[in-house]
1. With the Cα gyration tensor of segment 117-212 in hand, give its eigenvalues times 5 under a square root as the equivalent ellipsoid semi-axes, listed largest first in whole angstrom.
2. Compute the distance from the alpha-carbon center of segment 1-63 to that of segment 217-250, in whole Å.
3. Mind putting a number on the dipole of segment 201-506 about its Cα centre? Charges go on the C-beta only, +1 for Lys and Arg and -1 for Asp and Glu, and I need it in Debye to the nearest 20.
4. How about Lys259: which aspartates and glutamates have a C-alpha closer than 14 Å to its C-alpha, ignoring those fewer than 8 places off in the same chain?
5. Just from its helices, what would the mean residue ellipticity at 222 nm be for the chain, if runs of 4 or more DSSP H residues each count -39500 (n - 2.57) and the sum is divided by every residue, rounded to the nearest 500 deg cm²/dmol?
6. Less than 18 Å apart at the alpha-carbon level, and either on another chain or at least 8 residues along: which aspartates and glutamates does that give for Lys218?
7. Please compute the Cα-Cα pair-distance distribution of segment 95-173 with 5 Å bins starting at 0, giving whole percents from short to long.
8. Specify, per residue and in Å³, the volume enclosed by the convex hull of the alpha carbon atoms belonging to segment 3-182.
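Any read-out appearing in this document is the output of simple, stated calculations on the displayed coordinates, not a laboratory observation. No experiment lies behind these values; they were computed from the predicted model shown. Ideal geometry is used to build each Cβ from the backbone, glycine not excepted, and the neighbour counts take in all protein chains shown.
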Amino acid sequence: MSKANEPVLSVTAKDVRRVPAQALVVGVGKAAGGPALIDSPLPPKASAALSGSLALLGVTGAVDQVHRLPGLPEIDAEMLVLVGVGDVSNGVQLSPEALRRAAGSAVRQLAGTGSVALALPAGTVADAAAIAEGALFGAYSYTEHRSSSAASAAPVRDITVITPAADERGLPEALDRARILARAVNSTRTLVNQPPSHLYPETFAAAAREAARGLPVKVTVWDEKKLEREGFGGILGVGKGSSRPPRLVKVEYAPAKAKAKLALVGKGITFDSGGLSLKPAAGMQTMKCDMAGAAVVLNAVLAVAALGLPVKVTSWLCLAENMPSGTAQRPSDVLTMYGGKTVEVLNTDAEGRLVMADGLVAASQEEPDALIDVATLTGAQMIALGNRVSAVMGDEGVRDAVKAAADRAGELFWTMPIPEELRASLDSQVADISNHGERFGGMMTAASFLREFVGESGGSPIPWAHLDIAGPAFNEGAPYGYTPKEGTGVAVRTLVAYAEDVVARSE
């Protein structure tokens, strides 16, 4: 969906004085003695004069701070832009994520500028790729439903990364990866930003088919009749209150000689009213984002396919709209899930785990080497970890591997336990399990519920991890770094990095 907004990305090793652009971006850090230019590419006299004026200009080097200055006579740019990179005191080296955020912050805040050259520290292929990623993330814009383009500044259309690594052999592949990741992240953002009037289970399934066009993936869709025939009671139960019926979408990438087999399950509640356990009005205002997990697993498998990784990945998108009506499921109803386990529904607003349970059973039947689910599952995640840190729970091996992949990708995840004592709170008097249990530690209680639906392979439990991205998936505050307001695309990069790590470990 976001391909039309993709800027042109290029690299050069030229002197900044010979790089044409409307804006030249230079980094400023918070050093022990005050703000300092970082690896300044400017001519020596200009660097010296500017360095002595930073404090007077109010430049601190703080993250997300951007200052625009008139262009210098020596450089071919109309505007010199100073972007904060954060702490560089005591020899602190800029991480790839710091570069990613600085580039994204600058490009995001320079919306309305046609072309931007980024002269941030990019001495290696990895640094240049991180800058490219951040810039492409920062250039995202969602204006699909605006009647006039004048309502918002157009995103940057032309991005040049200035790097001495421009001619290194590995850079073209790294830049292709950056473009693929940006396309996946930005497509996820666009799906999350779609209003529920336009994105509902049927149209989400159609969007998945369209997004997969041209890639070596197979898309299979279960409509409500097929879901009924095959016994997907969780997805049907959640969706029965809506006039727009549910769907299950399977997106499969199966290359020859795959080194491993992964399964991803995503929560796709295209709007969550809470059902008969109705949310308060204010609690519904952001609930178009409750399908972010499904958007993540869709675009993660498409990115893996575009990268051509030798690993089989199958994503299961569990799509329903949770609405109150005369046909909606009721508290105390009992559902028979796919696979036969029964669930007493104590709270219809604990619906995500119901659709995910069906998806986990279906994914387990194919006996993957690892199973990961992604969901905006609980408000308890935000209470525990805030709005920028996602949780990962599950089997220690997969959980820790996901955390390592997130660290490499530059996304904030934290490992959390699933205490055994929480399982008892899910006991039901009339069914195998209930969908609502202990309030305190509710994020972990929800994970305990999901674990009940993870199957076995070869007589042993399938290695599994659960990612709760409830807060980080949707930014209700001001934009920051390369992160826009509303849909963020969080977890896509982590899943792609995890798949890459699986391949690397198998070689």
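1. Working from the Cα gyration tensor, I get semi-axes of 32, 17, 8 Å.
2. Centre-to-centre (Cα) distance: 51 Å.
3. Charge dipole of segment 201-506: 840 debye, to the nearest 20.
4. Reachable aspartates and glutamates: Asp369, Glu500, Asp501, Glu507.
5. -10000 deg cm²/dmol
6. Partners found: Glu202, Glu210, Glu252, Glu366.
7. Computed distribution, short to long bins: 3, 17, 25, 20, 15, 9, 6, 4, 1, 0.
8. So the per-residue hull volume is 111 Å³.
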